[in-house]
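*Asks:* Dumping the structure here so I can ask a few things about it.
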Amino acid sequence: MTQTVNANRLFNASCLAIITTAFSFSIRAGILPQLGSEFNLSAEQLGFINSMFFFGFPISMVIGGIVYHSVGPKIIMQVAVVAHTLGILLTIYAGGYMGLLISTFFIGFGNGCTEAACNPMIADMYSSNKLNKMLGRFHMWFPGGIVLGSLISKFMTDGGFSWQTQIWVLMLPTIVYAFLFFGQPFPRPKVEGVTSLAKNFQAMLTPLYIFIFCCMALTAITEFGPNQWVNVVLSSSGADPMLVLALTFGVMTVGRLFTGPVVDMVGQTGILLFGAVLAAIGIYMFSTVTGPIAYFAAVIFGLGVCFNWPTVIGFVAQRVPLSGALGMSIIGGVGMLSTSIFQPIIGRWIDSSHAEYSAQGLTGPALELASGQATLATMLTFPIILIVAFAVLWFWAGNPKPGAVEEIKVAEQPQL
């Protein structure tokens, strides 16, 4: 007996799951200074804690992509609930550096399960001409959740709440998305051959997939590098770091609501190229300006990274469709793995800049400002490389609008 898939409920549950991911990102960014102070951690150690968040993510995404068509998104999301719950509880009761490393890994693992299950599930629930729109709206809730999480963290910190209390907030969306997914039937794959791992790997060995794979590594760190460290590198810029974070992701939230129409108008490759240019301008401004102008830099940077993540996922789904759930998971996974690798490196950049400017006699806010801006200037390397890469992609793969992309022939299959 077949059951009707409730696409709206599954989509809403997916959005709550990615809000959990967003809360874990922004609230952990907000409490980073408190963790450093309470446990006497260096910036490099904080970087390793951050890296566990991004390291657990790609591991579960790769595993989820491999088993997606054998165990289904339902079981993957059940694992996400367990991992999120464990990560939250272990963080709250962490006794030191090692405890924070382990708990952060579990939260990252749960976040990766969410991406591994929800991206291909959404691709299977909606037609090709609606795919960019729904992926954009799904990924809209990552920046949207970060806006909410940033404001929650700021007001709780200003109100004297402990970092443990802030982490408890993560349980709220976790409980809700677990309830919405409970007992629901899930869609089956709509592309013939996509369930074959052999065909997935064959599609992933094509030059186009390999190229976008490499681009995603830099796309992710361009977005997450400045954002995860905002409370550290902008602490003495004259602008409130958490408001900068909220504004950046507020712009991304509004922008991603219109991902479908914007991609229809500009094209996938065009979006990626122009986004890299704006991201470079935004990071450059962060590294040079102080005071209220930093909020304008946040708008520019937010527009730059707004569409890139869902557009890359949509690019793979439409241009390399036989890569399937595994292909989408690997693309998201390499983005998070890249971010994980660079977190302690960014921490070392901060420590090194701090030592350099301290040796020059700078102290207090002037020292923090100089070291933060120097680190941001180094991060500017990422979008500059992307500008070149996406220009190459433009001339190599073209910039067809979604309507011009050849529609995938799908098999009409019953729902699970």
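*Asks:* Can you name every residue in the range 32-62 that is part of a helix (DSSP H, G or I) and of a type in the set (A, V, I, L, M)?
*Replies:* L32, L35, A43, L46, I49, M52, I59, M61, V62
*Asks:* Looking only at the range 3-25, count every residue that is in contact with a Pro (Cβ under 6 Å, 6 or more places away or on another chain) and open to solvent by less than 10 Å² (accessible area, probe 1.4 Å) and tell me the total.
*Replies:* The qualifying residues number 1.
*Asks:* I need the full set of residues from the range 214-242 which are modelled with pLDDT of 85 or more, of a type in the set (A, V, I, L, M, F, W, C) and more than 22 Å from M121 (Cβ to Cβ), in order please.
*Replies:* C214, C215, A217, L218, I221
*Asks:* From M61, M98, grab the single residue that is farther than 17 Å from F23 by Cβ, open to solvent by less than 10 Å² (accessible area, probe 1.4 Å) and aliphatic (A, V, I, L, M).
*Replies:* M61
*Asks:* Something else about it: Say whether the condition of being within 20 Å of the chain's Cα centre (by Cα) and either of a type in the set (G, A, S) or modelled with pLDDT of 80 or more (or both) is met by at least one residue in the range 32-43.
*Replies:* Checked the range 32-43: no residue is within 20 Å of the chain's Cα centre (by Cα) and either of a type in the set (G, A, S) or modelled with pLDDT of 80 or more (or both).
*Asks:* Hey, another quick one. Please determine, by comparing only the residues of the range 119-166 that are at pLDDT below 80 and open to solvent by 50 Å² or more (accessible area, probe 1.4 Å), which one is nearest to the chain's Cα centre (by Cα).
*Replies:* K133
*Asks:* Mind listing just one residue for me: the one in the range 348-372 that is within 18 Å of S237 (Cα to Cα) and within 23 Å of the chain's Cα centre (by Cα) and, of those, most open to solvent (accessible area, probe 1.4 Å)?
*Replies:* Looking at residues that are within 18 Å of S237 (Cα to Cα) and within 23 Å of the chain's Cα centre (by Cα), I get W349.
*Asks:* Does P189 meet the test of being farther than 16 Å from F23 by Cβ and either modelled with pLDDT under 85 or not in a helix (DSSP H, G or I) (or both)?
*Replies:* So P189 passes the test.
*Asks:* Please state which of the following conditions Q184 fails to meet, knowing it meets all the rest: (1) over 30 Å from F23 (Cβ atoms); (2) of a type in the set (S, T, N, Q); (3) modelled with pLDDT of 85 or more.
*Replies:* Here Q184 meets the rest and fails (1).
*Asks:* Has the range 44-53 got any residue that is closer than 20 Å to H139 by Cα, at pLDDT below 85 and crowded, with 19+ Cβ neighbours inside 10 Å?
*Replies:* yes
*Asks:* Separate question: Are any residues in the range 261-293 at pLDDT 85 or above, crowded, with 19+ Cβ neighbours inside 10 Å, more than 22 Å from P365 (Cβ to Cβ) and among the β-branched types (V, I, T), and if so, which ones?
*Replies:* Passing the criteria: T269, I271.
The values are calculated or read from the model by the stated rules, or taken from the named source; none is laboratory data. Owing to the predicted nature of the structure, the values given are computational and were not obtained by experimental measurement. Every residue, glycine as well, gets a Cβ built from its backbone with ideal geometry; the counts of neighbours run over all protein chains shown. Keep in mind that these areas ignore ligands, DNA and RNA; they rest on the heavy atoms of the full protein, side chains included. Shrake-Rupley method; radii C 1.70, N 1.55, O 1.52, S 1.80 Å.
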